[in-house]
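Novice: Supplied in structure tokens, the structure appears directly below.
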Amino acid sequence: MRVAIIDYGSGNLRSATKAFERAAREAGITAEIDLTAEARRVRTADRIVLPGVGAYADCAAGLHAVDGMWEAVEEAAIDRARPFLGICVGMQLMSDRGLEKTITKGFGWIAGDVKEIEPADPALKIPQIGWNTIELRHAHPLFAGIPTGEQGLHAYFVHSYHLGAKRPEDIIAVADYGGPVTAAVARENLAGTQFHPEKSQALGLALIANFLRWNP
Amino acid sequence: MILFPAIDLKDSQCVRLKLGNMEQATVYNADPAAQARVFEAQGFEWLHVVDLNGAFEGRSVNGAAVEAILSATKNPVQLGGGIRALAHIENWLTKGLARVILGTVAVRNPDLVKDACRLFPGQIAVGIDARGGKVAVEGWAEASTLGAVELARKFEGVGVAAIIYTDIDRDGVLSGINWEATIALAYAVSIPVIASGGLASLDDIRRMTLPDAKKLEGAISGRALYDGRIDPAEALAILRDSQSASRSARLTR
């Protein structure tokens, strides 16, 4: 199995690659972790991971800037229905539109816009940076065996925006940051996390292993 | 949460050892005072200094280098290695050290720690170096049968400012801090605990901000800061930002 982690110049992807390699090794899963900037390798991969840090518009532009990459992601994720995991802004790009800085079109897989988080408590800073617990809205294979809820494991967040999904069934997990923020979305073979599994220690490694085993 | 950059002194140079072995020293800066200035400019607020020759010989050996460091930085400095008598402690505190770290002598003579804490409140830290949970002494060349938690408990209520807990098996090999043992110690005593030995990457820095680590006072970083595995600005930003986030999150509960 070859897992393509898409390298389109958004952030340092070494920690993501290392986390996927470690999760696979520890779970006894044979997987080639392929950090790649080539559209054809993404098109033919068995699983796709789309990371992303920074602003929605910049990530979308960065992905479009790699020749054929946007279409390769659509082909692998939609036409070939390969398991897809978006991370942080990579997850946000699954939405219809991003409203950060300007209005930017996303993949349109998860209905809704990516908008600024608005904590009810003014003492809570934006961005949310650090550890938070998450609450499952629906059971999902990505979270199988992972303790969640107030006493559960923590996930690592760095974000100012979140995906306001229109269909409640698309939201599988939320975090409480002065009100619910979208922590994970999923629909069919497509999933995404607002938090960084590659930086989330125990929870992250378990989630990555679940993604590598996932057969949607 | 404090990130302490480390200067380990061997023959007046700033070095890092692997697993405490004096024969495996990498020189990172021949001018320790300049290194102290670099750390201060990078935004660190404390400095951790170890006199390695001193730890092995049982007396301060790199005194001149330490004094040069003290004149070079405004940051508070803690020093360990070879300090084993009240007179040595007093001498160093007079020269401007913020804290003296007692290691071997704390194992051999816990009463000295008590006396020192009474005379110099808030300025005495105890370094506990452990291998497999057991205390190691004499520059790590000797192992004892004393448990790390057992030793730490001897200093409860004495007025020790901090315990610096070093996992020898991990120091200088960048395999990640032994968080389980360090956090267990922090919960076993009321003395603030500083993690040391093996801080390897920003993952370890983020690990320091997980709620179960909040009892720690901080961590010491050596080799990873010198070889670039930990970017100082990024590390300090992670600690600063998540600290405020968790503080405000607690307020809303």
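The values are calculated or read from the model by the stated rules, or taken from the named source; none is laboratory data. In this text, all values refer to a predicted model and were calculated from it rather than measured experimentally. Heads up, the Cβs are rebuilt from the backbone with ideal geometry, glycines too, and the neighbour counts pull from every protein chain shown.
Novice: Check region A:189-199 and report whether any residue there is at pLDDT below 95 and not acidic (D, E).
Specialist: yes
Novice: Could you say whether any residue in region B:219-235 is within 30 Å of B:K114 (Cβ to Cβ), surrounded by 18 or more Cβ atoms within 10 Å (Cβ to Cβ) and among the aliphatic types (A, V, I, L, M)?
Specialist: yes
Novice: Among (1) out of contact with any strand residue (DSSP E or B) (no Cβ under 9 Å at 6 or more places or on another chain); (2) away from chain A (no Cβ under 14 Å), there is one condition B:P192 misses while meeting the rest; what is its number?
Specialist: That leaves (1) as the condition not met.
Novice: Give the number of residues within region B:64-87 that are touching a residue at least 12 places away in the same chain (Cβ under 8 Å) and out of contact with any strand residue (DSSP E or B) (no Cβ under 8 Å at 6 or more places or on another chain).
Specialist: 8
Novice: I've got another one for you. Going by the structure shown, is A:L93 modelled with pLDDT of 95 or more and not aromatic (F, W, Y)?
Specialist: Against the criterion (modelled with pLDDT of 95 or more and not aromatic (F, W, Y)), A:L93 qualifies.
Novice: On to the next question. Identify all residues within region A:111-131 that are more than 10 Å from every other protein chain (Cβ to nearest Cβ) and in a strand (DSSP E or B); write none if there are none.
Specialist: A:A111, A:G112, A:D113, A:V114, A:K115, A:E116, listed by residue number.
Novice: I would also like to ask the following. Does A:A173 fit the bill of being at negative phi, buried (at least 22 other Cβ atoms within 10 Å of the Cβ) and within 14 Å of chain B (Cβ to nearest Cβ)?
Specialist: Considered against the rule, which asks whether it is at negative phi, buried (at least 22 other Cβ atoms within 10 Å of the Cβ) and within 14 Å of chain B (Cβ to nearest Cβ), A:A173 comes out as no.
Novice: Of the residues A:I117, A:I146, A:I208, A:I126, which single one is among the β-branched types (V, I, T) and surrounded by 23 or more Cβ atoms within 10 Å (Cβ to Cβ)?
Specialist: When all the criteria are applied, what remains is A:I208.
Novice: For region A:53-67, state whether one or more residues are away from every other protein chain (no Cβ under 14 Å), farther than 17 Å from A:G86 by Cβ and in contact with a Ser or Thr (Cβ under 8 Å, 6 or more places away or on another chain).
Specialist: Taking every residue of region A:53-67 in turn, none turns out to be away from every other protein chain (no Cβ under 14 Å), farther than 17 Å from A:G86 by Cβ and in contact with a Ser or Thr (Cβ under 8 Å, 6 or more places away or on another chain).
Novice: If A:I146 meets every condition in (1) within 12 Å of another protein chain (Cβ to nearest Cβ); (2) modelled with pLDDT of 95 or more apart from one, which number is that one?
Specialist: (1)
Novice: List the number of the failed condition for B:A65; all other conditions in (1) crowded, with 20+ Cβ neighbours inside 10 Å; (2) touching a Leu at 6+ places or on another chain (Cβ under 9 Å); (3) closer than 28 Å to B:L216 by Cβ hold.
Specialist: (3)
Novice: Does region A:189-197 contain any residue that is away from chain B (no Cβ under 13 Å), over 19 Å from A:L99 (Cα atoms) and aliphatic (A, V, I, L, M)?
Specialist: Yes, region A:189-197 contains a residue that is away from chain B (no Cβ under 13 Å), over 19 Å from A:L99 (Cα atoms) and aliphatic (A, V, I, L, M).
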